[in-house]
Structures are given as structure tokens and as C-alpha cells.
Amino acid sequence: MPILSPVPIIPVSNAAPFYAYKPFCTQWNPSVGVSEKQMRRRFTFSLLICSVTLMARAFSHPGWGLVRDSKGNIYFVDVGRNVVWKADTMGTVSRFVSRKHSHELFVDERDNIYGVHVEYDSKTEKWLNQRWKATPAGNVSGLDSHTYRHLFELIDVHKNTFVFSSDAHKNVARVLRVSADGDTIHFAGGGWGDRDGKGLTAQFRNFGPSVWTADSALIFGAGGILRKLSLDGTVSTLAGEEHGFGDPEGPRASGILGVTVSYDGSMYAASWEKKVVIRVDKNGNVSRFYESSTGWAPVGVLALPDAVFILEDRVGIGELLRMTGFGGPRVRKISPDGLTTLVGTAK
């Protein structure tokens, strides 16, 4: 059974994704013979370019892909540079796959890594999804949509597929259920909002990635809060405004990204917006499991029996540090005794 949903669960804007490049502010070097006035103008212009770039990143979202193979190697995404990184058991971080703008990852029992490369075609004004597979040796090949669908889409025990759909104009956010025969029904949600309820009485906002629980319910972020959708169509809020989460009108309304369920039934969610990892235990108690330091925010989380792994990306001043060569995303490991260690940082 798949544990995460495919990239299309996140509704995207009409803007092209951010593709990393070396910004003007890190390229410019004053030439010999340039006057002080010209130098000041160039420096001011470079600061303007950097500010615009940072603002653009503030309204985009990072990737949350974080998986571990059977040998203990950790793989994580870096959408700012279109790279998938590998951190081995010795702590060495290396490029595993390049030129892939992929937000999430999957791993199978043979340690193959899967993802979807997202690219905007300015000529057709459409988003293109290119599914790919990488062997443990790093050999990359394309994957047809039919194969990928049966591997990783949201399919329940009755072979129904669940599709999350939201309107960029904030009018409609709903969940569709598609049977194995192709029959589609409006399963839950409708109007834009945060209301709990059953079926069409419930409301959603922007959808984030989702995960199956042991009792076949879907857990996902929507509008910055953590929601649960049962197979009977009941929608409930697990961590909402009363717990300090949710800013539905803000630019990061889908601020909960990576989600995971641990072996003991506890749920973890990376709140990129609030810079914390939320933990909801099997009794429904909500706590702040982890808080990122200045310049970082959690974007992905992976709960395994021996530890919880957290993928963090740079935000705010951290974005400027990334652009000036201080590295990209990093992965931290939290052991059952609470000890936090650094797995590795993208170079």
C-alpha cells in the first residue's frame, strides 16, 4: 500500500517553478577601472535582484521527499537546485540524481528510488510531469504513467483511487473517488473553508501531501492545519487553530508539507509555515515535536521504528545563505531518547 500521494495532490499556481541559478549578487565582481558611482549602482541593482528572487521563493514551496533504503542510506530532494541527494551511513552526502525538479520520493523493496519531474512549458502554458526511476547505482530511466499510478497513487483496499482537487481562485476544494472501473464520485468537500463534517458538508483549503493510517484513513495538510479523511467520508481536524496552526489566507496556505505515521500510530507533520514538526499521538494529543533553528524550516518527515528523520530547508536569511554558497537542505535524526544528530547537509 502506498504511503504518500503523487505530486498532483498539490495544486500549483500558473507561475513556473523556481529553477536554481547562480544569482547576480554572487556573480558580480567589480572590474578594474570602474568608478565608485558605477560600483554603487551595480551593487544596489544586485541587491534588488536578490530581493526579488527571495520574494519569489517565499511564494513557492520546497520539496518534502525523504526516504531511507534497506541499507540505511537517506535520500532527500532539493528542488531549488533540481537535485536528489544521498546521505550514506557514514554521513557522506553526494548527488544521486540531477536535473529532476521532484517534490517527493518513493522507495521500493529493491531500493529503487522514484519521483516525478515537474516542468512548466511556457509555449503551451501547461505543467508537464515526467515520472522517473533510479536504481541503487543511480541509473535513471523514464516510467510510464500507468506503471507509476499502480505503484504510488492513493488506492484503497477496494482499488478506489482518491484524487485531491482544489481551485486556485479559492472557490472549490474537494476529494474525488474513482473506482477501478473508472466511475467518479464527489466523495468529500466542496466549498472553500475548514469545516469538519461528512461527505459534501466538509470543507477544505489547499491540499498538502497525504499518508495512509493503519485504519485506512488519509492524513494530510490543508490550509495549514492537519486533517483526517476516513473511508466513510468523515472529515475531522487533528491539529487546527486551537493548537496554534493554520493561516488560510496567507501565502503559504498549504504550509503543512511532509506527513508520516509511525509504527505506534503517532502522526507527524512538517509545518513549513510555523517552522515546527507536529506530533499527534494515537489518543489525539497534539504537541510540538521539533522546532527548527533560525533560517530553517521542516518540510519533510519520516518516522521509522528506530528514529524520526526531519528534512529541513532554508528560509528567510537562510535563503540568502544558500544563494551565497552555504549549502541547501539538511536532514536531522531524532532518536527515541530525544538525541538529535545531523545526518547530512546538501553541498
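Each reported figure results from applying straightforward, stated rules to the coordinates on display, with no laboratory input. All values reported here derive from a predicted model rather than from experimental measurement. With ideal geometry, Cβ positions are generated from the backbone for all residues, glycine too; neighbour counts draw on all protein chains shown.
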- Query: Under a straight-distance cross-link criterion of Cα-Cα below 28 Å, which lysines are reachable from Lys100, leaving out those fewer than 8 residues away in the same chain?
  - Reply: Lys22, Lys71, Lys86, Lys123, Lys126, Lys133, Lys274, Lys275, Lys333, Lys347
- Message: Could you give each residue of region 231-245 its phi-based ³J(HN,Hα) in whole Hz, using Karplus coefficients 6.51, -1.76, 1.60 with θ = phi - 60°, and x for Gly or Pro?
- Response: 6, 8, x, 6, 10, 9, 9, 8, 9, x, 4, 5, 9, x, 10
- Report the full-extension gain for the segment Arg195 to Val172: residue separation times 0.36 nm, less the Cα-Cα distance, to one decimal in nm. 7.0 nm
- Can you work out ³J(HN,Hα) from phi for every residue in region 192-204, in order, using Karplus 6.51 cos²θ - 1.76 cosθ + 1.60 and θ = phi - 60°, giving whole Hz and x for Gly and Pro? 7, x, 10, 6, 7, x, 10, x, 6, 7, 6, 10, 9
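Roughly speaking, what is the stretch gain from Lys282 to Ser98, that is 0.36 nm per residue apart minus the C-alpha to C-alpha distance, in nm to one decimal? Before the final figure, lay out the partial values.
On the way: separation 184, 0.36 × 184 = 66.24 nm, distance 3.88 nm.
Extra length from Lys282 to Ser98 when fully extended: 62.4 nm.
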- Hey, for a label at Glu242 modelled as a point 7 Å past Cα toward Cβ, could you say which residues of region 199-220 have their backbone N under 18 Å away? 203
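Can you give the charge dipole size of region 158-235 about its Cα centre, rounded to the nearest 20 debye, using +1 on the beta carbon of Lys and Arg and -1 on the beta carbon of Asp and Glu?
180
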- Residue separation times 0.36 nm, minus the C-alpha to C-alpha distance between Asp232 and Tyr263: what's the value? 8.8 nm
